[in-house]
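Some notes on the structure that comes next.
What follows draws every value from the coordinates through simple rules; no lab data is involved. This one's a predicted model, so the numbers in the text were calculated from it and none came from an experiment. Cβ sites come from the backbone with ideal geometry, for glycine too, and all protein chains shown count toward neighbours.
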Amino acid sequence: LRKHGLGRASFIPLDKMKKGAHDRAVETPEGAPRLFELISPRDHAVTPALFMAVGNTLVAPDLETASRWAYDYGKRWRVVTVDGKLIETAGTMSGGGKSVRRGGMRLANSRGVSTGAATEDMSAGDCKKLEGEVNDGQQLLQECRKRRRELTDELRKLKKRVKALTVKLPKLSMEITGCDTTREELTKRLPELRTQCELSAEDADKLRDLNSKVQKCKSDMASCAMLASKLEADVARLQKAILDAGGKKLKKQQKACENVVAALNDTGKALSSAKVAIASCQKAAAKAQKAKEAALEDLEQSKAVLEEKLAEFKSLESEAFEVMQAYEKAADIETSKREELDAISNECEDLKKSQGKIKFVEIDLVGKVENLRKQISECDKRTEHWQNEISKLRSDAEEDDDYDESDDEDEEPPAEEKSSSEDNDTEMKDVDEISDVPAKKEPVQGRSSLPNLPFASLEQYRTDDLKNDIRVLDDEHKSLAKNANMGAIAEYRKKEADYLARVTELDAVTEERSTARKAHEELRRLRLEKFMDGFGQITLKLKEMYQMITLGGDAELELVDSLDPFSEGIVFSVRPPKKSWKNIANLSGGEKTLSSLALVFALHHFKPTPLYVMDEIDAALDFKNVSIVANYIKERTKNAQFIIISLRNNMFELADRLVGIYKTNNCTKSVTIDPRAFGLSSQQNGVTNGSQVPLGDKTNADSAQNGKLSRPTGTPSGVDQENSMVVS
């Protein structure tokens, strides 16, 4: 590189490459081609280097297919497109741009003959021939790859089998060596066994004696058998002679005797069964008599009850008849009343409808009345004005009459004057009548309240029309008064009283609820305060207990929800010595035991309990931790009694009482030991105090007779007893 000035380059030593990596069969998504398979180097020796460079890179026709192959399958693939875009396994994408780099994988010698010049000399037949050779070569290549894949799989299976056999071979060799040793030992013992199997002279003499005895016994047995057969023949002959001695009469009598004996036996059985039946019948008769007496008593009672019930039934029947009559009457009344109610309800509905209509009319009439009142007030004002004018004119007329009284006495007014005077009188009467109309509706306080209306405004009203309107309004008012519901006010007052009573009850219930809610909140507050106080004390004592037991660890109780401690619970975290913080569920058996005991001792310190029963709490602890726990129970817990089931000597050696449980003859027994008294008695050569028994043997039967578990002698009955440990 330095000599020719070629710069820097990377070299791959082919002898250091891993063999066979590029020959493995790879399943690609959708049968995608690998870039390594598309490269055809001139020298196949550089194939491992090419595989190291490109790896299992797939070649895709476009970017969409490349993205699908790269991401949609379970395994990430490195994919390159035909136009040069590359997708790495990490997900990064590179490539693109205006120009595409080409020719970076030119492996042929640049100084060689160009391919263009070579292709110019080739004909079409040569090309077809080369294509056929290429196709044949590709088929051969596929077959070779398939064969290589099969051979690779078979080789892999053979390697697995070789590994299994290599593992099994030492075992077989060990078994063979064991069999060889066994065979050698047995071959060594063969001479000894053969010597043992050979008969000695004494054994041969004994064997001859025994054989002679056997032969003698066989001859004796044969003679005895012959004698026995002779005796049996004699017995049979004598038996036949005895049977034939009486002849037919004896046989008949024997047969009759047998029949009589059988009949007697049958009669005895029948008699015994009859006696049993008589006894059972007597018992049944006694029971039946008692049942009869009880039935008679029940019958008498039933008759009395029946008479009472009949009398009661008759009275009830008469009452029921009366009730039925009353019911029928009530039903008739109900039907009639229901009809009346329907009619009244229909009438009420009609009245309500007419009332609605009347209300509309009343509203219209009220508006008209208001208008008329306004008009009447205006008329009053005009009347007052004209009355003042009339009074002035009258005063002027009286003065004229005083002057012309003598002249007017003999003269009569002309007809025109009479008609004018009559017209004035009628007008005055109309004015008086009009002035009387508002007096019916509203009382006038005085003349000054009447308005002074001009005469032109009074001309538009007529007295007859006003009287007619007033008469119509009075009739409508009277009809409304007749149809009005006068009980509505009483019903309203009743509803109002009911409403006020319900409001009073609601106020009382609301006040009671508020009081209960306040009491509930106060109790919740007291509960929270007491819980947090106890929680703090238990947490501090738990730290102290765990540090004392583990000699350097730490423990912590934490609230999951500090705002509401009772909703989620408490987390118990522990840090064993020289370890990190862990939840108690993630600890080992011994660490869980120590943590639980520390929590139990902390709870005992907060609220002592007089009695504790613990079952093999030291099973998962080592010697040191068992001694620590036992000494703590021995020294620190003086205000409680501990009953501990243990199999560890450094636990039960510190006990004040030992109770051993064992089983003999399918019966559970117990042995009670006072270690202090037992040690003292051993020191004094067996001399013990009479009030204390160091060793006692009891059974469950003895305890069951007393009705409770027996207490060892010398054990106090109170809570001040320090410790009791049971060894099972």
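Using 0.36 nm per residue, how much length does the chain from GLU175 to TYR327 gain when fully extended, once their Cα-Cα distance is taken away? 43.8 nm is the gain from fully extending GLU175 to TYR327.
Put simply, the convex hull of the Cα atoms in region 491-536 casts, on average, a shadow of 2.7 nm².
Full extension of the chain between GLU308 and GLU349 gives 9.1 nm of extra length, using 0.36 nm per residue less the Cα-Cα distance. Electrostatic tally near ALA228: other residues with Cβ closer than 14 Å to its Cβ, Lys and Arg +1, Asp and Glu -1, net -2. Peptides 25-35, 183-193 ranked from most to least packed by the mean count of surrounding Cβ atoms within 10 Å: 25-35, 183-193. Just report the Cα centroid separation between region 611-650 and region 282-296, whole Å. Going from one Cα centre to the other spans 70 Å.
Taking every alpha-carbon pair in region 316-361 and binning the separations at 5 Å intervals from zero gives 7, 19, 12, 12, 11, 9, 9, 7, 5, 4, 3, 2, 0 percent. For region 160-203, a Kirkwood hydrodynamic radius built from all Cα pairs, placed in the Stokes-Einstein relation at 25 °C and 0.890 mPa s, yields a translational diffusion coefficient of 184 µm²/s.
Rounded to 0.05, the FRET efficiency of the THR463 and LYS359 pair, given R0 = 30 Å and the Cβ-Cβ distance, is 0.45. Can you find, among ILE644, ALA619, PRO577, the residue sitting farthest towards the positive end of the charge dipole of region 523-676, where Lys and Arg contribute +1 and Asp and Glu -1 at Cβ? Projecting each Cα onto the dipole axis, the largest value belongs to ILE644.
Backbone amide hydrogens, once placed in the peptide plane, bring ILE643 within less than 5 Å of TYR612, VAL613, MET614, SER724, excluding anything fewer than 5 places away on its chain. Close amide H contacts of LYS669 (hydrogens built in the peptide plane, cut-off under 5 Å, sequence separation of 5 or more or a different chain): TYR662, LYS663, THR664. Taking a sphere under 13 Å around the Cβ of GLY487 and counting the other residues whose Cβ falls inside, with K and R at +1 and D and E at -1, yields a net charge of +2. Using bins of 10 Å that start at zero, the share of Cα-Cα pairs per bin across region 19-79 amounts to 21, 51, 24, 4, in whole %.
Considering only beta bridges that DSSP places wholly inside region 498-657, some 60 percent are antiparallel. Rounded to the nearest 20 debye, the dipole magnitude of region 114-265 is 1420 debye, with +1 charges on Lys and Arg beta carbons, -1 on Asp and Glu beta carbons, and the Cα centre as origin. Taking a 19 Å limit on the Cα-Cα distance, which of the listed pairs LYS353/LYS482; LYS337/LYS494; LYS353/LYS494; LYS352/LYS478; LYS543/LYS578 fall beyond it? Where the Cα-Cα span goes over 19 Å, the pairs concerned are LYS337/LYS494; LYS353/LYS494.
In summary, the lysines within cross-link reach of LYS206, defined as a Cα separation below 25 angstrom excluding same-chain residues under 8 places away, comprise LYS216, LYS218.
Its residue count N sets the reference 2.2 N^0.38 Å, and the alpha-carbon radius of gyration of region 507-570 equals 1.70 times that reference. If you look at the Cα atoms of region 602-666, you get an Rg and a Dmax of 13.2, 47 Å.
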